[in-house]
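Below you'll find the structure, written out as structure tokens, and then a few comments.
Read the figures in this text as sums done on the coordinates, not as results from a lab. Only a predicted model underlies this, so the values are computations on that prediction, with no experimental measurement involved. Here the Cβ positions follow ideal geometry from the backbone for every residue, glycine too, while neighbour counts run over all protein chains shown.
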């Protein structure tokens, strides 16, 4: 399969699940060693899950299928440029390349404007619209010390 | 329950599930109208899910419990300052405040350095370490047009 074949699969998922009423018009596939290992589509409204974006769902599916949280060496084809949540998920999954079809301007034109979110994430905490309040730092630090001391931990 | 009570619950979850080997030392609770509506903890390595951070899992649980993707009016207590993925998820869920205990410097000190990720997300695509390649924009745009034309869509 070619890059275009994989992208057409992502686009086909975006169309089918949008038409079926599962969520917004977004689809994605994770590919490793020339084969699709995970497929996803937007399920925000149907699954009552604000994190159920196509890329996140495709990554979750790939992790389940390959039985690892480390998708190093894999790539993702997504029908639209990822939002900051999905982009960060792509980094955590260690994907090595993102292929995307629609751009952020296309998404903004149909009401999905990720630009504000990119600005908020990039801003220092005190400049964000979302208040962030620190408390009980000392008590939580004891758990971090426990992690450091844990001899059988599975680091990642 | 006070702010400290909710945070102590988040810290207790971080400790219990870290000790049980479910993942890193992170816990979170989503609270609405004075009650916990979702709890989460890091399950990255045990669930083979790179997106299974405490905040994401708490948001997913809250959405399931309240049967909505819109957690507007709710807040989150997390045992550590959120990474960019979790922060973006918090925005998508429309939470109105983040209470956190450990800070990003504490996390970096035990090997969870989110700083690079914050830099990558903030950078323009061409400056990122992750390659992003556009293809088939025209074909995907047809699906966006379909979304615009869809009369029974559930916008979000």
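Just a few scattered comments:
- The simple spin-label model puts a point 7 Å past each Cα toward its Cβ; for residue A:4 and residue A:20 those points are separated by 2.7 nm.
- Normalised by residue count, the range A:18-73 yields a Cα convex hull volume of 78 Å³ per residue.
- Choice from B:124, B:84, B:25 showing the highest fluctuation, given a GNM over chain B with Cα pairs closer than 10 Å: B:124
- Spin-label model, residue A:151 to residue A:122: label points 7 Å out along the Cα-to-beta-carbon direction sit 4.8 nm apart.
- With each label modelled as a point 7 angstrom along the Cα→C-beta vector, the residue B:113-residue A:132 pair spans 1.8 nm.
- Only Cα sites of the range B:1-112 enter the Debye sum here, all with the same form factor; the resulting log10 I(q)/I(0) across q = 0.19, 0.23 1/Å is -0.90, -1.31, listed in q order.
- Estimated 222 nm signal from helices in the protein assembly as shown, with DSSP H stretches of n ≥ 4 weighted -39500 (n - 2.57), rounded to 500: -13000 deg cm²/dmol
- Summarising the strand pairing of the protein assembly as shown, around 60 percent of its internal DSSP beta bridges are antiparallel.
- Distances between equivalent label points of residue B:34 across the copies, with each point positioned 7 Å along Cα→Cβ, amount to 6.3 nm, shortest listed first.
- In degrees, nearest ten, helix B:54-66 long axis to first principal axis of chain B (Cα): 80 degrees
- Taking the convex hull of the alpha carbon positions in the range B:62-156 and averaging its projected area over all directions gives 9.2 nm².
- Stokes-Einstein D for the protein assembly as shown, Kirkwood Rh over Cα pairs, 25 °C, 0.890 mPa s (µm²/s): 126 µm²/s
- Closest approach of any chain B Cβ to the axis that rotates B onto A belongs to B:122, 2, distance given in whole Å.
- Cβ-based exposure ranking for A:133, A:31, in which fewest neighbours within 10 Å come first: A:133, A:31
- To the nearest ten degrees, helix A:137-149 and the longest principal axis of the Cα atoms of chain A are 80 degrees apart.
- Counting every other Cβ atom within 10 Å of each residue's Cβ, A:33, A:70 order from fewest to most as A:33, A:70.
- Nearest-ten-degree value, helix B:3-19 long axis tilted from longest Cα axis of chain B: 90 degrees
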